């Protein structure tokens, strides 16, 4: 198993931003997104990473950006390493064969967009934070309204919703994102923009869910990020990866319980059982947890794209 890449450095290039997973470089009119193998849980980055995770995220996003391009503008330009290497050197960066090999398959050149300060979450099933809020509001016994969305009484955990719903969230720099209503989102970016984002987000979810279902996978929920580029609303960041989406195995799906998912579930489960207090520093993940998590990411990629991982 290849060693995970936990941090990238490109001599001569300014770091535009550093996220939990991605290192972003400023190339002038464009941005270079390098997806590392870092993994976080409970909002804390683990000391060791997941091999190939960054390559899965980058290549799965490429697959979806290209597939969904007829429905929405995206920030994707290319993942071709020869072209990216040329752009890096033109921007003043220094490349070596070793660095090129390290960045291969995990680098994406993108247009530079101005992001909106909300995340666009679409849910097709009652899971995660929405299930918790539904129970706390008494939804098992009566209809409830959560974040402006009406939900019927008596739904079970992981049950498919009558129709996909749009539940925007704030972008938290620290801690968890907070679910908000469309009205609250409109106060941040305008009602017309929110209406458009809700419509396009649900349409993207439905298209992706239909493709996933043909692959034997259920897309329970996902989150999109959008920005403005050249006056056009543009899909940015990543798209429909195990980091931004909840994927379930269709053959074993059974509402009324939590579903095994194609994501960092093994990591979360081990951390919960370890006695860790969920405050930094996080403990090092055991080798078997790392290996099983890597296998889940790779399987999700191969099942959904039908392509080999580069």
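Only the coordinates and a few stated rules stand behind these numbers; no lab work does. Worth saying up front: this structure is predicted, and the values here are computed from it rather than measured. Glycine also receives a Cβ, built like all others from the backbone with ideal geometry; neighbour counts cover every protein chain displayed.
General remarks:
- Among 227, 216, 49: highest mean-square fluctuation, GNM of the chain, C-alpha pairs under 10 Å: 216
- The value of relative contact order for the chain, using C-alpha pairs under 8 Å at least six residues apart, is 21 percent.
- Residue order, fewest to most surrounding Cβ atoms within 10 angstrom, among 87, 110: 87, 110
- Highest-fluctuation residue, 121, 290, 178 considered, GNM on the chain with Cα pairs under 10 Å: 178
- Global form of segment 156-206, assessed from the alpha-carbon gyration tensor, a/c cut-off 1.5: oblate
- Each peptide in 244-250, 189-195 receives the mean, over its residues, of other Cβ atoms within 10 Å, and ordering these scores from highest gives 244-250, 189-195.
- Take the Cα of residue 102, step 7 Å toward its Cβ, do the same at residue 249, and the gap between the two points is 3.6 nm.
- Contact order relative to length of segment 115-252, as percent, for alpha carbon pairs under 8 angstrom and 6 or more apart: 28 percent
- Per-residue Cβ neighbour rank within 10 angstrom, fewest leading, 303, 106, 38: 303, 38, 106
- Three-way shape call for segment 1-125 based on the alpha-carbon gyration tensor, with the a/c threshold at 1.5: oblate
- Highest mean packing first, where packing is the average number of other Cβ atoms within 10 Å per residue, the peptides 91-98, 139-146, 58-65 line up as 58-65, 139-146, 91-98.
- Extension gain from residue 288 to residue 309, taking 0.36 nm per residue of separation minus the Cα-Cα distance: 5.4 nm
- Cβ-derived FRET efficiency at R0 45 Å, residue 150 paired with residue 7, nearest 0.05: 0.50
- Fewest-first sequence of 257, 310, 67 by Cβ atoms within 10 Å of each Cβ: 257, 310, 67
- FRET efficiency, residue 279 to residue 170 (Cβ-Cβ, R0 35 Å, nearest 0.05): 0.95
- Rounded to 10°, Cα long-axis angle of helix 53-68 versus longest principal axis of the chain: 70 degrees
- Gain on full extension, evaluated as 0.36 nm per residue between residue 14 and residue 44 minus their Cα-Cα distance, stands at 8.3 nm.
- Segment 1-112, relative contact order in percent, only Cα pairs under 8 angstrom and at least six apart counted: 32 percent
- Cα gyration tensor, segment 115-252 - rounded (a/c under 1.5), prolate or oblate: oblate
- Counting 0.36 nm for each residue step from residue 163 to residue 132 and taking away their Cα separation leaves a gain of 9.3 nm.
- Ordering of 179-185, 4-10 by packing is 179-185, 4-10, highest average first (other Cβ atoms within 10 Å, averaged per residue).
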